Amino acid sequence: MESSYRKPGERADLVSPWIAAKNGGQCLKFYYTMYGKTMGTLAIKLEQSNGVSWLIFSEKGNKGMSWKKGIGNIDVDVGFRYQVRTQPDFCARFLKHCSEYCSFHCGS
């Protein structure tokens, strides 16, 4: 998602499909860049099928020009399904090609 040339307050959400929790936990690994003095916040929220949700990753402000690796731990009990939702504001750049750079892994 490219966020250059957006209006203040504009945002876009990327939402995963519903995923069944697995034994041993999972984590979300991804790359992001947040460069510039007007950087906002990149927040990644996990929502369980029962409606309970919490942040698994959050960064705010200028982080430099390089791409950074982000990791969010997914600790959901087996039997639940979950969804991962990114909520970058108008200034955070997040993954041009999520299928190439975004992955779920079992275990730590």
query = Got at least one residue in the range 57-80 being under 13 Å from the mean Cα position of the chain (by Cα), outside any loop (DSSP other than H, G, I, E, B), at pLDDT below 85 and surrounded by 14 or more Cβ atoms within 10 Å (Cβ to Cβ)?
reply = no
query = Looking at (1) surrounded by fewer than 18 Cβ atoms within 10 Å (Cβ to Cβ); (2) in contact with a Lys or Arg (Cβ under 8 Å, 6 or more places away or on another chain); (3) small (Gly, Ala, Ser), which is the only condition Gly51 fails?
reply = (2)
request  = Could you grab the pairs with beta carbons closer than 7 Å, sequence gap of 6+ or different chains, first residue in the range 14-30 and crowded, with 16+ Cβ neighbours inside 10 Å, second one assigned to a strand (DSSP E or B) and acidic (Asp, Glu)?
outcome  = none
request  = Of the conditions (1) farther than 28 Å from Met65 by Cβ; (2) modelled with pLDDT of 85 or more, Ile44 clears all except one; give me its number.
outcome  = (1)
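The values are calculated or read from the model by the stated rules, or taken from the named source; none is laboratory data. Here the structure is a predicted model, which is why all the values come from computation and not from measurement. Ideal geometry is used to build each Cβ from the backbone, glycine not excepted, and the neighbour counts take in all protein chains shown.
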